[in-house]
Amino acid sequence: MQVHFSKMHGLGNDFMVLDLVSQRVPLTTELIQQLAHRHTGIGFNQLLIVEAPTQPDVDFSYRIFNADGSEVEQCGNGVRCFARFVHERHLTKKRRLRVATTSGIVEPELGEHGWVRVNMGLPQTSPERIPFKPSTAQPVQQSATGSSLYPVHVNGETVLLDVVNMGNPHAVLVVDAVDKAPVGTLGAALESHEQFPARVNVGFMQVITAQSIKLRVFERGTGETLACGTGACAAVVSGVRQGLLTAGVDIQVQLPGGVLYIRWQEGDVVWMTGPTETVFEGTLHLDEHFFPVHTLTTQP
């Protein structure tokens, strides 16, 4: 079996993208894990699946799988790459799309030079929508603007965090310096913490100015990545809610892989703008057990 794919990235958050509109691939958890392997497979943080629409008012359906084979609800960098992919593969001539995900509709708009602007929808901040189970042992601490910061006991300490759902669950911690933040240890401990029954993405945010932050994200099912689009959205929402960031203007989010611009104000949708890159296109050869045999690649 031959499978055509593209390798793409958004600020270093890298993806394998499959068109399942014009071809069929019998995906399994084991196959996704094999394809994700950095040494013996294609290598990626997430696998993005393009499918035909399942409802009349959208252009495509969109599914996302982590490197460990688990399916997730949303990926901000991924949806930007998705928009560029369907246009480059001539699956549509539209530059403005409506795309159905398991968490709702997103609306990417393809701009110049591979940049994509996305309506990411309304953020959710109530604990039950994350989902998050606040501790009953301690009261909720309020920020200066009245938004909730929750104490969570982890690794022998108590950390204060905010929670935001951007189609997938996020915890946001404000830190003095992201370069010194314990992303690997604390991020991993919070990701699978019992108070997050669906696990959680963990963002470590350093506020530079009222319109600029630095951010590192430990992603659920993947580990720390070079960039996380929904994590950037969640961090800005949290920063605005806490009075740390300016509402209604583009906030510069500096991630290890590059810069995103996020805009939000209370009651509005979140807007994300950022770049995409097609790294290469390839043809994957699978044997009868659906495991990779070899890959032939071409430059885009």
Self-check item: For VAL174, residues with placed amide H under 5 Å, excluding near neighbours
Solution: MET205
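When DSSP assigns beta bridges and you keep just the ones with both residues in the chain, what percent turn out antiparallel, to the nearest 5?
The answer is about 80 percent antiparallel.
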Quiz prompt | Projected-area average for the range 1-92 over all orientations - Cα convex hull basis, square nanometres | solution = 6.1
Self-check item: Karplus (6.51, -1.76, 1.60) ³J(HN,Hα), θ = phi - 60°, over the range 27-42, in Hz, Gly and Pro reported as x
Solution: 6, 10, 4, 5, 5, 4, 4, 5, 5, 6, 4, 6, 10, 10, x, 6
Exercise. Using only alpha carbon positions, build the gyration tensor of the range 127-268, then give the equivalent ellipsoid semi-axes as the square roots of 5 times its eigenvalues, largest first, whole angstrom.
Key: 21, 18, 14
Quiz item: Based on the Cβ-Cβ distance from SER70 to SER126, what FRET efficiency comes out when R0 is 35 Å, to the nearest 0.05?
Solution: 0.90
Quiz item: What's the tally of Lys pairs in the chain whose alpha-carbon atoms lie under 27 angstrom apart, where the two lysines are 8 or more places apart or on different chains?
Solution: 4
Quiz item: Under a Cβ-Cβ cut-off of 14 Å, what is the net charge of the residues other than LEU190 that fall near it, where Lys and Arg count +1 and Asp and Glu count -1?
Solution: -2
Quiz item: When the Karplus curve 6.51 cos²θ - 1.76 cosθ + 1.60 is applied with θ = phi - 60°, which whole-Hz ³J(HN,Hα) does each residue of the range 65-71 get, with x for Gly and Pro?
Solution: 10, 6, 4, 8, x, 7, 8
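Given the DSSP H assignment, sum -39500 (n - 2.57) over each helix run of at least 4 residues in the chain and divide by its residue total; what's the result at 222 nm in deg cm²/dmol, nearest 500?
-4500 deg cm²/dmol
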Exercise. Based on other C-beta atoms within 10 Å, arrange LEU149, LEU122, LEU35 from fewest to most.
Key: LEU122, LEU149, LEU35
Exercise. Consider a paramagnetic label point 7 Å from the Cα of ARG96 along Cα→Cβ; state which residues of the range 113-137 have an amide N under 20 Å from it.
Key: 113-122
Quiz item: In which sequence would LEU47, LEU160 go, from the one with the fewest C-beta neighbours within 10 Å to the one with the most?
Solution: LEU160, LEU47
Quiz prompt | For the chain, size of Cβ-based charge dipole, Lys and Arg +1, Asp and Glu -1, in debye | solution = 460
Self-check item: Tail beyond 29 Å, pair distance distribution of the chain (Cα, percent)
Solution: 33
Quiz item: Charges only on Cβ, +1 for Lys and Arg, -1 for Asp and Glu: so what's the dipole of the range 140-299 about the Cα centre, in debye to the nearest 20?
Solution: 420
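What are the equivalent ellipsoid semi-axes of the range 70-166, built from the alpha-carbon gyration tensor (square roots of five times its eigenvalues), in whole angstrom, biggest first?
Here the semi-axes work out to 37, 13, 12 Å.
Of the DSSP beta bridges with both residues in the range 127-268, give the percent that are antiparallel, rounding to the nearest 5. Show your work: numbers first, answer last.
Working: 26 of 34 bridges.
Bridges in the range 127-268 are about 75 percent antiparallel.
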Quiz item: Which loop trypsin sites (Lys or Arg not before Pro) in the range 21-65, with loop taken from DSSP, have no more than 14 other Cβ atoms within 10 angstrom of their Cβ?
Solution: ARG24, ARG38
Quiz item: Counting other C-beta atoms within 10 Å, which of ILE130, ILE262 has the fewest, and how do the rest follow?
Solution: ILE130, ILE262
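None of the figures in this text is laboratory data; all of them are computed from the coordinates on show. As the structure is a computational prediction, the values presented were derived from the model and not from experiment. Note that each Cβ is placed from the backbone with ideal geometry, even for glycine, and that neighbours are counted across all protein chains shown.
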